[in-house]
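As structure tokens, the structure follows; a few thoughts come after it.
The values are calculated or read from the model by the stated rules, or taken from the named source; none is laboratory data. In this text, all values refer to a predicted model and were calculated from it rather than measured experimentally. Glycine also receives a Cβ, built like all others from the backbone with ideal geometry; neighbour counts cover every protein chain displayed. Ligands, DNA and RNA are stripped out before the accessible areas are found, and what is left, the full protein with its side chains, is counted by its heavy atoms. Shrake-Rupley method; radii C 1.70, N 1.55, O 1.52, S 1.80 Å.
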Amino acid sequence: MATQDHAADSPFDPAVGRPLGPRMVLHWYDFICPYCYVGQQRSQILREHGFELVELPFQAHPEISPGGMAVGPRQGSRYAHLEQEAAAAGLPLNWPDRLPNSRLALAAAEWVRRHQSPLFHAVQTALFAAHFRDRQDIGDPALIEGLASAQGVDRAGLKAALEDGAAYAAVAAGETLGRRYGVQGTPAWLIAGKLVPGLFPQEDFRRIVAAIPG
């Protein structure tokens, strides 16, 4: 997988909310993407190197109906590899038997990032764990509101933003920005003007990050 250079692009977008600094990384993710689940560890590598991450929503499978879809056992080398990667990252992986439509979860998380940013990382981590560790339905509004509330999120404010569509509009803005940079799926990181798409092996990712000047 090759990186793509976008160094000449605009340094500001409303979806981010502030100018893009030289140590700022944009990361597009989806809660039902197992590569994004493992990608939490790749993002931690960036933090360890002093980068500031801006996590942005990008729905990988908008075709999934609001009621979700049943999925069978995960078998084959692809899934075995993901299980190994998750174990290496210290992330429990219990494949759920249903895939929800993730837009609700993405909208809730993005609202928190924009309006209660100190709580965002905890909410994002809880939502990933709910799906991939606990096999819960993150398409369920009551579950989403409960998980967010448990992290200290303003439940009334979140519910209002979901009901009036503002939270969903924020997801669309994040996706629009991603497409501008060439994002076609998740995970994807924009690092120093270069798009790094997909889950690179951990050591390869470390080399990419270590090679960035400054």
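Output the number of the condition that V153 fails; it satisfies all remaining conditions of (1) assigned to a loop (DSSP other than H, G, I, E, B); (2) of a type outside the set (D, E); (3) modelled with pLDDT of 95 or more; (4) exposed (fewer than 13 other Cβ atoms within 10 Å of the Cβ). The failed condition is (4).
Count of the range 47-77 residues, restricted to those that are assigned to a loop (DSSP other than H, G, I, E, B) and buried (at least 17 other Cβ atoms within 10 Å of the Cβ), is 6. Is there a residue being among the β-branched types (V, I, T), touching a helix residue (DSSP H, G or I) at 6+ places or on another chain (Cβ under 9 Å), surrounded by fewer than 19 Cβ atoms within 10 Å (Cβ to Cβ) and modelled with pLDDT of 95 or more anywhere in the range 101-118? Among the residues of the range 101-118, not one is among the β-branched types (V, I, T), touching a helix residue (DSSP H, G or I) at 6+ places or on another chain (Cβ under 9 Å), surrounded by fewer than 19 Cβ atoms within 10 Å (Cβ to Cβ) and modelled with pLDDT of 95 or more, which makes the answer no. With respect to the stated conditions, A80 is open to solvent by less than 60 Å² (accessible area, probe 1.4 Å), free of Cβ contacts under 8 Å to residues at least 12 places away in the same chain and not in a loop (DSSP other than H, G, I, E, B).
If you check P96, P19 for being touching a Phe, Trp or Tyr at 6+ places or on another chain (Cβ under 8 Å), free of Cβ contacts under 8 Å to residues at least 60 places away in the same chain and surrounded by fewer than 11 Cβ atoms within 10 Å (Cβ to Cβ), only one passes: P19. Filtering the range 129-136 for residues that are under 28 Å from W95 (Cα atoms), of a type outside the set (A, V, I, L, M, F, W, C), at pLDDT below 95 and open to solvent by 40 Å² or more (accessible area, probe 1.4 Å) leaves an empty set. Of the residues in the range 121-133, not one is of a type in the set (S, T, N, Q), without any contact (Cβ under 8 Å) to a residue 60 or more places away in the chain and in a helix (DSSP H, G or I). Every test in (1) of a type in the set (D, E, K, R); (2) modelled with pLDDT under 95; (3) closer than 22 Å to R179 by Cβ is passed by R23 save one, and that test is (3). Filtering the range 168-214 to residues that are crowded, with 16+ Cβ neighbours inside 10 Å and assigned to a loop (DSSP other than H, G, I, E, B) leaves Y181, V183, G185, T186, P187, A192, G193, L199, F200, I212.
The requirement of being under 12 Å from D30 (Cβ atoms) and not aromatic (F, W, Y) is satisfied by S102. Out of all the residues in the range 21-46, which are over 24 Å from W95 (Cα atoms) and either in a loop (DSSP other than H, G, I, E, B) or of a type in the set (S, T, N, Q) (or both)? Correct list: G21, P22, R23.
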